[in-house]
Amino acid sequence: MRAMDLAATILTLGRVRLEPFEERHREGLSAIAAAEPELFRHMPFPVERLGYGAWFDLLRADQAAGRSIPHAVFADDRIVGQSCYLNIRPRDAGVEIGSTWYVRAAQATFVNPSCKLLLIGSAFAQGAERVELKTDALNERSRGAMLKMGATFEGIHRRHMRRADGSLRDTAWFSVIREEWPAVKAGLEARLP
């Protein structure tokens, strides 16, 4: 049995760089959140009510406890969003990629395929057997992106978690397992400029 041991490292591919969260990322991410609050419509954390800083603090606490590895996403050396390793399960060789958002100008560009290549590829290189992705079942854009990248739809978990407004959400689950990664990788690479 191969052990999964995810390390917090800077990941780069072409014009995209992912940096594990540090305090210096707070200001840039907070500025984006203040300018584009609609980005968080489907996020379970109440960014609009509590502010992005509270979410950043929560992610940093999870990072310090080894439960997650949040990344600030840069494109052409400008901060454009975040994406995280969540629910890290070394014993089961599984990890989730989530809490992902990008500024509107970076959506439907090279940014997401680059990030997924970096994060999924790094997870498998460090011993993962399964990478999970999930989203609010109502988030058609995110669900479409997961299917487009080649992730396998695994179904809907009904009333799985609370939304920021307190209502219960159904969650759409997707995954990529190690044997599927070469085909998913090729598809993602084909989408890069």
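The values are calculated or read from the model by the stated rules, or taken from the named source; none is laboratory data. Because the structure is a prediction, the values reported are computed rather than measured. Counting neighbours? That spans all protein chains shown, and the Cβs are built from the backbone with ideal geometry, glycine included. For accessibility, only protein heavy atoms count, side chains too; no ligands or nucleic acids. Shrake-Rupley method; radii C 1.70, N 1.55, O 1.52, S 1.80 Å.
General remarks:
- Meets criteria (open to solvent by 40 Å² or more (accessible area, probe 1.4 Å) and not hydroxyl-bearing (S, T, Y)) for L168: yes
- Contact map, region 1-30: first residue assigned to a helix (DSSP H, G or I), second residue crowded, with 18+ Cβ neighbours inside 10 Å and of a type outside the set (S, T, Y), Cβ cut-off under 6 Å, separation 6 or more or different chains; pairs are H25/A72; R26/F56; G28/I79.
- The requirement of being in contact with a helix residue (DSSP H, G or I) (Cβ under 6 Å, 6 or more places away or on another chain) and β-branched (V, I, T) is fulfilled nowhere in region 181-188; no residue meets it.
- Considering each residue of region 57-69 in turn, none proves to be among the hydroxyl-bearing types (S, T, Y) and not in a loop (DSSP other than H, G, I, E, B).
- Subset tally (residues that are assigned to a loop (DSSP other than H, G, I, E, B) and under 22 Å from G28 (Cβ atoms)) for region 93-138: 5
- For region 40-77, the candidate set comprises residues that are of a type in the set (A, V, I, L, M) and open to solvent by less than 30 Å² (accessible area, probe 1.4 Å); within that set, the residue that is nearest to K116 (Cα to Cα) is V73.
- Residues in region 171-180 that are open to solvent by 30 Å² or more (accessible area, probe 1.4 Å) and either more than 22 Å from I120 (Cα to Cα) or in contact with a helix residue (DSSP H, G or I) (Cβ under 8 Å, 6 or more places away or on another chain) (or both): R178 alone.
- Selection of region 29-82 for residues being over 18 Å from R162 (Cβ atoms) and basic (K, R) yields R60, R67, R78.
- Of the residues making up region 99-128, not one is open to solvent by less than 10 Å² (accessible area, probe 1.4 Å) and modelled with pLDDT under 95.
- Per-region count, region 1-23, residues over 17 Å from C84 (Cβ atoms), modelled with pLDDT of 95 or more and basic (K, R): 1
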